[in-house]
Amino acid sequence: MVLKVVKYGTPVLRQKGTRVEAVTPAIRKLIADMLDTMYAHKGIGLAAQQVGVPIQLTVIDVRGVTDRPSSLEVDGHPVDVAESMPLVLMNPHITPVGQKVSGPEGCLSFPEIFVDITRPDVVDVEALDAEGEPIQFRCGGLLARAIQHETDHLHGILFIDRMTKEVKEELRPELDALQAETKKELE
């Protein structure tokens, strides 16, 4: 089922998610619904906060992006990224290992807003998968960027918080308009 994606200005986007302690039928349904929602909106990642649920759960699928490569390693061995998608991460912990690089980002909660954000280009990830099993891997490129973006959401951090002050000021009219529109919808 496709869920409503909440927009900038919705309080849940600033909430730190609670840890997922067990994979219940409700969590399984939420994962399926989040994947449906992400694909329906042509996104590559979606955090539970973006569908109004403040828990540490995100879904990611970078297969549709061909102009921004991704890498994935498990136990030091390269793995085919496409075969590992979609990725479900619960309670993810990220350790930056690469150099910081600037690259374009967008967000389903900020329609039509795209901006360059600086993040490490390679990260180590520890999380639970869709079955609640521990997973560890190293990833780079777009996948690393997407995981960092979504993990930020799980802690109430938005990509606008990672923008330079100058870029944020440039976008101020669009951000204010989006926030006002969201506030009006919430009334």
### Query
If we sort 56-64, 22-30 on the protection proxy, mean other Cβ atoms within 10 Å, highest first, what's the order?
56-64, 22-30
### Message
Order 114-127, 33-46 from most to least packed using the mean count of other Cβ atoms within 10 Å.
### Response
33-46, 114-127
### Message
Shape verdict for the chain, please, from the Cα gyration tensor: rounded (a/c under 1.5), prolate (a/b greater than b/c) or oblate.
### Response
oblate
### Message
What value in Å³ per residue do you get for the convex hull of the alpha-carbon atoms in segment 43-89?
### Response
80
### Query
FRET efficiency for E174 and M1, Cβ-Cβ distance as r, R0 = 30 Å, nearest 0.05?
0.50
### Task
Rank-order 144-150, 103-109 by packing density, defined as the average count of other C-beta atoms within 10 Å over each peptide's residues, highest first.
144-150, 103-109
### Summary
Taking 0.36 nm per residue of separation between E21 and D161 and subtracting their Cα-Cα distance, the length gained on full extension comes to 47.6 nm
### Summary
If each K or R counts +1 and each D or E counts -1, the residues other than V2 whose Cβ falls under 14 Å of its Cβ total +1
### Task
Return the subset of K29/K183; K4/K168; K7/K29; K29/K100 for which the Cα-Cα distance in this structure is over 24 Å, preserving the input order.
K29/K183; K4/K168; K29/K100
### Summary
Where a ≥ b ≥ c are root eigenvalues of the Cα gyration tensor, a/c under 1.5 meaning rounded, otherwise prolate if a/b exceeds b/c and oblate otherwise, segment 100-167 counts as prolate
#### Entry: Environment charge of G156, counting only residues whose C-beta is closer than 10 Å and scoring Lys/Arg +1, Asp/Glu -1
0
#### Entry: Charge sum, other residues only, whose C-beta stays under 15 Å from A177's C-beta, Lys/Arg counted +1 and Asp/Glu -1
-2
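Values in this text are rule-based calculations from the coordinates and carry no lab data. All values derive from a computational prediction rather than experimental measurement. Cβ coordinates were reconstructed from backbone atoms using ideal geometry, including for glycine residues, and neighbour counts include every protein chain displayed.
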